[in-house]
Every structure is written in C-alpha cells, then in structure tokens.
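**Student:** This structure is in structure tokens; I'll ask about it shortly.
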Amino acid sequence: MNLDPFLAASPLLVVALGGCLLMVAEAFSKHGREENDSRSAGPSGDLALGTAITLITGAIFSAGIWFVGPDKLEGSRALEPYLILDRFSLFFSFVLCVGGALSALLAGGYLPEHKLDRGEFYPLLIFSTLGAMMLAAAGDLLSLFLGLETMSLGVYALAGFRRASPRSTEAALKYFLLGSFAAAILLYGGALIYGATGHTDLAGIRAAITSTAATEGAANPAVLLIGVALVIVGLAFKVSAVPFHMWTPDAYEGAPTPATTFMAVAVKSAAFATLLRVLVEAFGDPALTSWASGWPPLLAFMALLTMTVANLIAGRQESVKRMLAYSSIAHAGYVLVGLVATIKVGGDAQASIMFYLLAYTASTVGAFGALILCGSRGAEAVSYEDLSGLGRRHPAAAMAFSFFLLSLAGTPPTAGFFSKFYIIKAALGAEHYVLVVVLVLNSVLSAYYYLRVLVFMYMREPAPGAPLARPMRSGYVTTALVLSAVLVLVLGVFPSTYLEIVAQAALASR
Amino acid sequence: MILVLLVLLPFLGAVATALVSRGGRDACAVTAGVATAVALGLLGALAPGVVAGEVVQASVGWVPALGLQASFFVDALGLTLAGLILGVGLLVVVYARYYLAAADPPGRFYAFLLLFQGAMLGVALSSNVLLLLVFWELTSLSSFLLIGYWRHLPEARRGARMALTVTGAGGLSLLAGLLLLGHSAGTYELPVLLQRREAIQGSPLYLPALLLILGGCFTKSAQFPFHFWLPQAMAAPTPVSAYLHSATMVKAGIFLLARLWPVLAGTEAWFLIVTTTGLVTMLVGAVSALFEDDLKGLLARSTISQLGLLTMLFGLGTRMGAVVGVFHLVNHALFKAALFMNAGIVDHEAGTRDVKGLGGLGSLMPVAATVAVVASAAMAGVPPLNGFLSKEMMLEEAAHTRLLGQAWLVPVVVTVGATLSVAYALRYVVRVYFGARRGEALASGQGAGAHHDSCAPPEASRGPEAGRGGGAAAPHDPPLGMGAPSVLLGALALVVGLFPETLAGPLVRAASAAVIGGAPPGFTLALWHGFTPALGMSVVALVGGAGVLAVHGGAEKVWRRLGVPDPAGWFEAGLGAAVKGSRKLTLAIHDGSLQRGLALLVGTAVMVGFVGFGGAKHTAGERPPMPVEMLTVLAWVLLVTATGAAVVMHRRRYLPLLFMGVVSMIMALAFIFLSAPDLALTQVSVDVVTILLLLLALNLLPQQSPPETTRRRRVRDAVLALLGGVGMGSAAWAVMTRERKTLADYYWTHAKPEGGGTNVVNVILVDFRGFDTFGEIVVLGTAALAIFALLETANRGEAGRRLAQWKPGRPLSPERYPLILIAVTRLLLPFAIVTALFMFLRGHDHPGGGFVAGLVVAIAVLMQYLASGFDWADRRVRPDHHALIGWGVLVAALTGLGALVFGRPFLTSAFWHPRLPFVGEIALSTAMVFDAGVTLAVVGAVMLALAQLASASKRAKQWAEKRERGEHGGAP
C-alpha cells in the first residue's frame, strides 16, 4: 500500500481531521451553554488550544514534508491538477497554519474576555484555514473557486461574530454581499477563460494560450483578456487592493480582533498565493505579460493606487484597529509591487513576495495581539487616546506593540525591514523605478501613523478622568505574542535561511 | 575584529547603563564613560595606521543570499568622524553628569545617548551602504528619544516629532537614492562603489539618485529649506544639543557628502545644487541667528549657517574644497560643542537662556567667560584660532569660484556670511558676559517669555536647577566636572590654531585623501599665507561684523516688523493640511455605503473588462447560431420580463421571489432544451429548497423594505447594470460563436469505460471531477456552519431584541396547520423518499444522482415542517444536522481516500453492474458511496438552515407569549 499520497496531502488532511474532531468536541462541550449569559467559563480555552495544536500540527507536517521534499513522494502528483502539492503550496500551508494557529491563540484570550465565548468560532477558523490552504495549492480554476469559497464563507461568519453589535453585523453583511459579487466576477472570468482556451486547469490554460499566440501571432482574443482581467479583479478583492478594498475597514473593525487578525493574515496570504500561481502558471505567457496588452499595467496601477490611498487614509484614522486595517491594505499594495516585478525577475520577485507575506503574518498577528492585550472588556483599547500612557501602565504590552508596529513600518532590525527591502530590490531589478519611489514615499507616510501610536503610548498622559484601557492578562495571547515576536526578530536578524527557503519555494516560471 | 567590537561597544554600554540605572547618576555616568573611553582607546590604537594611509576592514556575514554583509571599514575620514563622536561623546558624558537634575532619570538618558553614539559610529564606519542606512535611521530614532527626553515639555515632544519626521523622511529618500546608486554601481560595498565613478555618473539613474541622496543629507544636516527642525530640537537637554546638534548628528549629512564625493561630485548638477544650497543656508542661518534671543537657538541657527558653509565647500567639487571641508568639520565640532556646553552652564547658573535677560556675567564666571570668548572667536574666525585657519582657506577657495557665470557672486555671498557670523559670535559673548548685569531684570520677571520665539523654552521652567530655586544664588563658575569639558574643547581650538601643521596636518591630509580618493593637493596649514584676497575678506568680515552688531538694535526692529516666514509653522500647517486632505479622501472614497462599494466594484470590473476588450482582437466567431424557434422567443420574453419585474418590485419582498422562481424554471427548461436533464433536475430542486427557505426567512422580516435609493443612484446603477450585462453578453456571444475544442468529447468517450456510467454529467461529478464535488460539499458544510453562526445572531443581542418585538405583518390564517396540507405532505413523504432512492440509484447512468436525491429528501422533510410546524416535526427528526453534514463529508472523503489505498488516484472508482430483481441492471460503484456522502451533506445543510430559521421564529413566538403573559399578569 502506497502511503505517499497521504503524506503529500497530510497538511490538508491533518487540518481537516482536526477540524472534524474539534466540531465533535464542541458539540459535547455545549452542555449548559444555552442560558449562559451567566459567567460560565465557556469552551474557549480548550478549543483554542485544540485549534492551535491542530494548525501547528498542520504547520509541522508542512515543514516535515518540505524537508523530505514533495518531489520525492511518489504520489504527490496524484491530486493534480486540482491540488498541486509542491514546495510553493507547502510554504503557504505553513504560513497559513501558523497564522491561523496564532489567531486561535489570540481568540482563546479574547473571546472569553469579551463574552463572545462560543465554540463555533474555532471550527470556522479551522475550515477557513483549510480553504485557504486549498486555495494556495489550487491548480485548477474550479478547485480555486472551491478553496476560495470554503475560506470565505467561514470568514464571513467570523466577521459577523460580534452579534450584539449592529455595526459588526452590518459590516459582515456588506462583506458577504461584496464578496459574493467578487466571487461571481471571478466565476465569470473563469467561464470566459474556459471559453477561450477550453481548459480550466492552469497548465492547460497556459498551453492553450501559448499555442494560440504561436498560431495567431501575438493577438489575443478579447474574451481571454476580459477573462484574465475579471479573474484578477475577483482575487484583488480578496487581497483588498484598492479600489476593491471598501469592505476591509468596516469588516476589520467590526470583527472580533482575532478574526480580524485571521482575515488580515491568512485570507490575504492565501489570495496572494493563488494570485501568484495563476499569474505565473496560467497567464505567464509573454503574450499576456506585455505592457501593451496584458495584466502588468492593471496590477501596477492597482499597486500605486493601493499604496497611496491606503496610506493617506490610514493617517487620519482615530481608531487604531481601523488604522491597522488600512495599513494591511497598504501592505497589499507593497506586495502587488512584487507581483508586477515577477514578470521580469521571476523567482526573485516571487521569493520576495513569499518572504514578505511570512514577515507580514508575524508582524500583523503581533500588532493585533498587542492591541488585544492592551484592553480588556469594558475598557477596550480602540482609539489612540486609549493608549495614552500605556508605556508606563503596562510596559510589556506597550513594548510588544511598539516592536510589531516598527516591523510593520519596516524598521530594522525587524522582519518588516528585510521584507520591504527585498521587494524593493526585486522591483529595482525589474526596473520599475516609479513603483519603487512611490513605495518608499508611502513607507514614509506610513511611519507617521505607526509612530503616532508610540507617541501616544510613551509621550502622552491620559486625559484626567478618561476611562483607562485596562490591559488584560491571558496566557494564550502572551504565547501568541511571544511566538510572533520571535518570528519577527529571527526573520529580521537572520533572514538568510528563510531567503533560501522562499527561493526554493518559488514556482518555476515556465 | 577590533572594528566590530568598536561599533558594538556603545550598544553594550547602553544595555549596561540601563541595567545599572538604579545606581543613580554616578553609576550611569561611569558606565557610559567607561564604554566610551574604551571605544576611544580602541580607535586610538587603530589611528596611527589609518593616518598613515592604511584602511582597516572587518566583516561579518549577514544576509549572504541578498549579497549583504555587515562590513565595516575605517579610513582617515571615518576615523575623523569616529574620533569626534567618541571624543566629544566622552566629554558630554562627563558634562551631563553635572547637568542632569537629580529628578531626571539618568539611566534612560545615558542609554539613549550611547544608543545614539553607537548608531553614529555605525554611520561613520559602515562599509556597506545599506548597513550605513540602517545606522542612519537609528540615529534619527535615538535622537528622537533624546530630544523628547523631557517628556513633560510639550515643546520637547513637538521638537522631537518634527526632527524625527524630517530626518526620518530624509532617511527614506536616502534609502531610495542609495539603492539606485548601488544598482547603477553594481555593488553596495563602499570601498568598491567609490571606485566606480564612471559607471555611476554615466548611468541615467545618476540624477534621481543624486537628488534622493541629497534629500537625505540636507535634511539631516539642516540645510535650507529643511533647516527648521534644528532650532525646534533645542528643547533637548543641553548635553544632547552639544553632542547631536553641533559635533555629530548634523555632521552625518556632511559626512555622507564627503564620503560619496568621489562618485557624485564633479558634475554640473552637483555643483549647482550643493553649492547653492550651502550658500543660501549659510545666509539664512546667519541672519536668523542674529535675531534669535534664546542662547541655544542662536547657537542652533549659527550651526545651520556653518553647516551651509561646509555643504558649500564640498559642493565646489574641487580637491582643495574637500580639504577645507574636512578641516572645518573638525574645527566647527570643537568650538561649537564648547559653546553649547557654555550655554548650558549659563542656563544652569543664571536660570535663563534669554539673551535679553542676561549680561555682565563675565565678572561672576571668569572661566566660563574665557571659554566663551575663545570659542566665539574661533567661530568668528579670529586669529590665531582654528576657526580662522579654516575660514581663511574657505575664503581663498571661494575667491576664485564662479557660480552661474558670475565671478563676484560666491566671494560676496561668502564674505557677507562671514561678516554675519562675526556679528552673531560677538553678540553671544558681548550680550552675555559684558555690559550691565541684567540678572535682576529677569528676577523681576521682565526678561523671560516676552521675547521668546515659539521655540526653545527656557529650561528654567523645569530645568536642571528646579530644585535650587532659580536665580536666587548669584551665578558662579560651574563645578569642575561641568566646566572642564568646555575648557578642554576651547583649549583645543586654540592649540590647533597655534600649531595647525603639527596637530592637525597629518589627519587633515589623510582624511582629505580619503575623501578625494587620491592624493590631496599640496597645502600647509598656517596662520599666515601672505597678503591674499582671503585676508582682505577676513578683515572686511571682522570689521563689518562689529559694525553689524553696533546697528543690531535698529536692525532687529526692522526684522521683527518684516515678519519673517516661519518654515516650522509651514511644516506643521502642511502636516495639518495632509491630515485634512486624507480625511476628505476618506469620506469621498469610503463612506461605508454598500451601494457605493458595489458600484465601485462592478464599475471597475466593467471598466477593466472594456479596457481588455478594447486592447485586443474582437470579432464574433463564425459558428452559425442555432435556429430561433417560437418557443425560445417566448422563453426569452418571459425571462426578461420576470427579471425586470423582480428588479422593479424589489421592495415588495414576496413578489420578486415569485419572479425568481419563474427565472429559474425557464433556466431549467433551457437546460432540458439543450439536453442537460441533470442540470434541469438539480436546478428545479435547488430552486424549490431555496424558495422555501427564503419564504421562511422573509416571514420574519417586514413586508416591504423602505425606499432608500435616490434617482441619481438608480440611474447610476442602471447604467452599470446595462454596461455589465451587455459586456458579459457580448463576451459570451464571442465565446459561443467560436468553433473550438471542448472537453465534452473526452468525457463522452471516457465516461463508460473509465467511470462506469452512461450519465456523463453524473460521472463527471462523482468521478472525473469528483474532487471538485468533494470540495463543493465541504463548501456546503461550511456554508451551513456559517448560516448557523450568522443566524444565531438573529436570536441574540440587538437583532434578537428586535425580533422579540416581531408581530406578524398581516392577519394569519385561523387554521395554523391546515389538515389537507398535513395529509398530503404525510402521503408525499414516503413517495419522496422512494423517488430520492430511485434518483440516487439510477444516477450513474440516467439523470439523477446523490445531489438531487439529497434535495428531494430535503424538500419532503421541509414540507413536513411547513405543514405541521417546527415543534412537531423536530420531535420526529432524529439525526443531528451537524452530524449529518459531518458524516457526509467523512463518507465522501473516505471513499476518495479508499482509492488511494489501492494505489489509484484520489476518487478513482471501482464499479460493477449487478442485476436486481424488478429494477433491472443497476450500476454499483464506489462512486455511489461517494454520492451517498453528498446526499447526507446536502440534507444536513438544508436541515441546518431550516432549523436555524425555525428556531428564530420559535424564539420570537416565545418572546411574544412571554410579553403577553407579562402584560396580563403584571410585572414578575
């Protein structure tokens, strides 16, 4: 009996199995929860731990198979073209599992504190992660759509998890409706591409495009171009690139912070992974990558718009969480710059994107986690004012927050610095100077609002009589913060090892 | 390795200082002092070799993958700056020990100071451009911490923020510039990069790189028009100003100009930009220094002027200019640090820094006065001090420089600048130490405050002497430790002036050789060069300076009346405007409106589609369309009418539902017409389930939705919808009129032999693309879970409360559960189940299959709920819906994995065709088990949604009953 296929798919299987088990566990822990507006302990603690363990196991399996080498496993291609289990997928499985696990740990602290302690949070989180992993591995437009929906449906529910808050519910509904439209647009695009090429698998699409281009000259049927554009639009919605970002601030703000973290980290990474794979493997033909009639100008334009608009708006937010939402949009813009660079410098640019997403995952989890730590129920830290004087009242939380914000701002010696640097280097290599200059200028802009948090924490005293945000204490949150801090620091100080890894993970551009 | 240790020492010292901070000022100062002194010693050990022309290098692997390593090198230029950093640093450490008040936390101060020191050393000694950049940013950051050291002073926070914003922004500009530079040179290692002059200056990137790099240098070194942050930074404690704002940080920009001189200088662009900026800065700084009343502000503005002079020197691009630049860099550090410390002492003793409130301190503080006289004289360029030497050489160099084709321009401007610098230097000494004592004026409360600029608060407000009661005691010379550093610096200024060739000659020669990257021109440092034009200009400057001070009173009145523009204010205003602009942008783009968001999404998609359409070949294909029949026309008309009606009547919620039903029925018919009975079957059953569930949900909502759209929005939406529809329609037309290969043939030929079924659709679903189907049921399960989670909302919280107020919108039928309906549904149930079974079994060969079977079962059960009510039905339905979904997914997954066990790809099916009595031959395959999983999942998902909806209404009913009881029975 050949177990290799199982091994190759084991990260997915482990997560799926863990999710099922957790659902059973959640069902059993339901007792006496019906009337639980009293202060019962709730199931969160154990479930959070279980979720984190499941996802970390998924990450460990990903890493393990990475070291074995997926190409050494005989059956690793058994699921192609639906799922492609290569190093690229494994890398993203790892990132997504880590992001999901850290979010689960944050939830373990946050949900009980804010009386949102309901078990379904965790299965939703796990299945969304599973969807994200499928998305990152999808090698066919259909499985791509399935992964996308598996991921998104869970996230819609997570976004609306704060049921008592009308704002949260409204944001979730808007997110759902906009997301459905985006998914429909993606499907349209896929249908047109199928119509134009007769294939739904990425490799087949690529081959069809190449042969068409060879027989008919460089001209592409308009149908194909429209299809490509629509697919990109659908995915751009998920990475919340401007102008498809309108859902982001509301949904991020309305969702419970751990769910926000998950959206910012996993949803975005998975969408970028699939965007990368689709662009490289399906639309990577020279006929589609020219500036005259191809997708690069679309992406470049989106990158410029995303960086600039997001940073300008982020500067004026009064809510820190909203600021972080816009900041995550801005980071999508930076990654888009890397995507544009993939046309010319291929592997380097891909590696830079992957490194960026890893670093971004760690920093973002940290920043949101620190924000969670800074406030407890009844006195949640929301605005900048709430953070006044935190440096004195809770030096550890303030320091953690500062650290992650500095990483997001791209200050050495954190991961953020190297990731940004790497993207810039790739873009320079591809000679996209305008993009580089705009990226750097935007980093300047972003420093303003990140440092503003530091100014408030360390240099302001709370207004007399103002309600003070009381930092909460939670082992889960602290663990998540420590893990991400280690990751941020290690990536920042010893990036070489990880750079080698992402270089190996890059898709071979054919 | 000594080099690496040297750079690390301050950082280690910073940690150590922070650790001993409980030990008080002495412990901190000693720790910091020892770290600095050891570093200085190490540097001293390297010095002889370096001055002799040796270059010491060291490197540690950092990020080899990116071609990055932490490499350091020290040549004479680096040595000069490093020497200043550590030498002045040591003196500042001593000085600060006495300057800081007991209440100021010493650990933080010294830790920040050493952090800054380390960053600055890194800038001086980094061999890798990017490493240099890292340290460069660190200096900005640590200076931010130091300037804002007195956190309680709003001016300190403002000054710190402004300094950080300006220099930080400059640093990023530098980052971009250096990246471009490294890109065009092909290396990021300075020693190599500096050899590639031709490659860099020949590159088209030269000009952008130059501009960006200059942006970094000019912000750091406070050059016009970025100079405004330096006076604002005077809110820092005086030791910080003495260190950062005279000797080191502001020199970083100049240092980088010198460092990159070999590759950047010598072009027209460099000469014009750098020289002009330097000259303008020199004048702007000097003039504003004349009218600045705050002692430290005066020194800051004079520093700006002197930095302008240095910039100008390097901008000339001549080798002699570089020599003078290096020499003056050192000289300025010596006398300006002495002056800053002196200003701190005056503040410390007299309790104010306001020039107008001071005077006649010379007799009370003879030592301080002597230092001030010597250092000011050096600043003014009076022989025989070091400042005279370098200024003389500068004038000589300027005397034969043509700018903009004018031979007179540079000499005149430089002479004016020199004159002004004499005037402000004189002003400092004369107004503070000579003349009448005006300390009393301060005591009576007139001096301070009235003449203050916006910047630089008197530290007396909570200065180091807060505990001592301000100016109660008469000012006197400071304690030894506080006085000695400035005495030492003043003495150095004098001795270098007297014996320049012996003391400074070798270093200046070596350092300028390092700047130039070749042999320096022959020169001797001496006081007397004979009667040269420079000497004449010096004399003019000295006499003129005294003259300017004489008419200062009148000039000041004119100055105040002129109302000089305040760049710092502009900066703040600019920041404010940016904030305001971004607010406007936010409101314009993101007002939280769903409709706007959707319009943007769809609009962009349409636009992108049309752009793609326009950029390519777009003709319809040649495939002839199918003949149009009467029946299809009728269907089209129905379809369009129903769709349009649904849109128009969308506010009345039940009607659109009916129209949607019409739409989907026509779709089903179309499927049948196009020979896809499977799809039709699925379409119909899905539609039934959806409409039933929607009806249940709508029951809980108001009958009508309020009108919310405006006419403009409706028009916009209509246009968008038409554009999108037409666009998609034409794209679809283009696809379908094209002859093309489809996948259909493949499936036709392979369905029976490989999938064991003749119903191709079903075989595709459960076999060929079974993986997708598997994914789909996972999606379905997740969707059910999401519905569960979201509908729970309706039962709790805000929405739950509103639901509690719910009343049926119109009269209900008196017969809640009509008997006929009940009877019919009961009768239908077994039939439905048999039908489902039938559909399921024949699925592989004929229309049907697990999905449809699941839906049929679900419909049958749904009907029971509708007819008999939730409670009745729920008691009779055993399985848990969650479990149903879970089992479904699990069964499907296990079947799929089963194939893997036998070494076949995921979901490969095994099949055989037994004959059953009465039914005939049926196709049994493992795919059928898979199909069963699908069925279970579908039933579970539908039932879960139903249960949630029903429980919402049940809860509402309970609430209503409770309310009624409450109304009748009084409050419990």
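**Student:** Please state which one of B:T139, B:T165, B:T219 is among the β-branched types (V, I, T) and within 11 Å of chain A (Cβ to nearest Cβ).
**Tutor:** Just one listed residue meets the conditions, B:T165.
**Student:** What are the residues in the range A:149-170 that are polar (S, T, N, Q) and more than 7 Å from chain B (Cβ to nearest Cβ), if any?
**Tutor:** If the condition is that a residue be polar (S, T, N, Q) and more than 7 Å from chain B (Cβ to nearest Cβ), then A:S152, A:S165, A:S168 are the ones that fit.
Here's the yes/no breakdown for (1) closer than 13 Å to B:L601 by Cβ; (2) not charged (D, E, K, R):
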| position | (1), (2) |
| --- | --- |
| A:M151 | no, yes |
| A:F161 | no, yes |
| A:P166 | no, yes |
| A:A183 | yes, yes |
| A:L192 | no, yes |
| A:D201 | no, no |
| A:L225 | no, yes |
| A:S240 | yes, yes |
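**Student:** Still on this structure, please answer the following. Looking at the range B:58-148, what helices (runs of 4 or more DSSP H) fall wholly within it and have at least 3 residues that are in contact with a Gly (Cβ under 6 Å, 6 or more places away or on another chain) and under 18 Å from B:A160 (Cα atoms)?
**Tutor:** Ranges flagged: B:129-147.
**Student:** Might you let me know whether the range A:385-394 holds any residue that is part of a helix (DSSP H, G or I), modelled with pLDDT of 90 or more and crowded, with 24+ Cβ neighbours inside 10 Å?
**Tutor:** Of the residues in the range A:385-394, the ones part of a helix (DSSP H, G or I) are A:385-387, A:390-393.
Going one step further and asking which of them are modelled with pLDDT of 90 or more, we end up with none.
No, because not a single residue in the range A:385-394 is part of a helix (DSSP H, G or I), modelled with pLDDT of 90 or more and crowded, with 24+ Cβ neighbours inside 10 Å.
**Student:** Would you confirm, using the coordinates I've provided, whether A:P395 is free of Cβ contacts under 8 Å to residues at least 12 places away in the same chain and more than 27 Å from A:G294 (Cα to Cα)?
**Tutor:** When the stated conditions are applied, A:P395 passes them.
Each row is one residue, and each column tells you yes or no for (1) touching a Leu at 6+ places or on another chain (Cβ under 7 Å); (2) assigned to a loop (DSSP other than H, G, I, E, B); (3) buried (at least 24 other Cβ atoms within 10 Å of the Cβ).
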residue: A:A427; (1), (2), (3): yes, no, yes
residue: A:E431; (1), (2), (3): no, yes, no
residue: A:R452; (1), (2), (3): no, no, no
residue: A:A485; (1), (2), (3): no, no, no
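**Student:** Does B:V558 meet the test of being part of a helix (DSSP H, G or I) and at pLDDT 80 or above?
**Tutor:** For B:V558, the condition - part of a helix (DSSP H, G or I) and at pLDDT 80 or above - is not met.
**Student:** I need the full set of residues from the range A:220-251 which are facing chain B (nearest Cβ under 7 Å) and free of Cβ contacts under 8 Å to residues at least 40 places away in the same chain, in order please.
**Tutor:** Passing the criteria: A:P221, A:A222, A:V223, A:I226.
**Student:** Here's a follow-up. Got a sec? Which of B:A156, B:A176 is under 23 Å from the mean Cα position of the chain (by Cα), within 11 Å of chain A (Cβ to nearest Cβ) and in a helix (DSSP H, G or I)?
**Tutor:** Answer to the check: B:A176.
**Student:** While we're here: Looking at (1) surrounded by fewer than 24 Cβ atoms within 10 Å (Cβ to Cβ); (2) β-branched (V, I, T); (3) more than 14 Å from chain A (Cβ to nearest Cβ), which one does B:T187 not meet, given that it meets all the others?
**Tutor:** Unmet condition: (3).
**Student:** Just one of B:L207, B:L193 is farther than 26 Å from B:L575 by Cβ, surrounded by 23 or more Cβ atoms within 10 Å (Cβ to Cβ), of a type in the set (A, V, I, L, M, F, W, C) and more than 11 Å from every other protein chain (Cβ to nearest Cβ); which is it?
**Tutor:** Going through B:L207, B:L193 in turn, just one is farther than 26 Å from B:L575 by Cβ, surrounded by 23 or more Cβ atoms within 10 Å (Cβ to Cβ), of a type in the set (A, V, I, L, M, F, W, C) and more than 11 Å from every other protein chain (Cβ to nearest Cβ): B:L193.
**Student:** Which one is surrounded by the fewest Cβ atoms within 10 Å (Cβ to Cβ), of the residues in the range A:133-142 that are part of a helix (DSSP H, G or I) and modelled with pLDDT of 90 or more?
**Tutor:** Out of the qualifying residues, it is A:L141.
**Student:** Just wondering, is there one or more residues in the range A:354-377 that are at pLDDT below 90, of a type outside the set (D, E, K, R) and surrounded by fewer than 24 Cβ atoms within 10 Å (Cβ to Cβ)?
**Tutor:** yes
**Student:** So which of A:L90, A:L146, A:L130, A:L73 is in contact (Cβ under 8 Å) with a residue 12 or more places away in the chain, within 14 Å of another protein chain (Cβ to nearest Cβ) and closer than 23 Å to A:A503 by Cβ?
**Tutor:** From the options A:L90, A:L146, A:L130, A:L73, the qualifying one is A:L73.
**Student:** Could you go through the range B:157-171 and let me know if any residue there is within 26 Å of B:F571 (Cβ to Cβ) and without any contact (Cβ under 8 Å) to a residue 24 or more places away in the chain.
**Tutor:** Yes.
**Student:** Step by step: first the residues of the range A:171-203, then only those that are more than 22 Å from A:A132 (Cβ to Cβ) and touching a Ser or Thr at 6+ places or on another chain (Cβ under 7 Å), then the one that is nearest to the other protein chains (Cβ to nearest Cβ). Which residue is that?
**Tutor:** Looking at residues that are more than 22 Å from A:A132 (Cβ to Cβ) and touching a Ser or Thr at 6+ places or on another chain (Cβ under 7 Å), I get A:G198.
**Student:** May I ask you to list the residues in the range A:304-319 that are in contact (Cβ under 8 Å) with a residue 40 or more places away in the chain and assigned to a loop (DSSP other than H, G, I, E, B)?
**Tutor:** Answer for the range A:304-319, where residues must be in contact (Cβ under 8 Å) with a residue 40 or more places away in the chain and assigned to a loop (DSSP other than H, G, I, E, B): A:G315, A:Q317, A:E318.
**Student:** Can you tell me which residue is nearest to B:L164 (Cα to Cα) among those in the range A:454-483 that are surrounded by fewer than 18 Cβ atoms within 10 Å (Cβ to Cβ) and among the small types (G, A, S)?
**Tutor:** Among those that are surrounded by fewer than 18 Cβ atoms within 10 Å (Cβ to Cβ) and among the small types (G, A, S), it is A:A463.
**Student:** Within the range B:700-723, is even one residue at pLDDT 75 or above and more than 45 Å from the chain's Cα centre (by Cα)?
**Tutor:** no
**Student:** Among (1) within 11 Å of chain B (Cβ to nearest Cβ); (2) modelled with pLDDT of 85 or more, there is one condition A:V436 misses while meeting the rest; what is its number?
**Tutor:** The failed condition is (2).
The values are calculated or read from the model by the stated rules, or taken from the named source; none is laboratory data. Every value quoted in this text rests on a predicted model; they were computed, and no experiment measured them. Methodologically, a virtual Cβ is constructed for each residue, glycine included, from the backbone with ideal geometry; neighbour enumeration extends over all protein chains shown.
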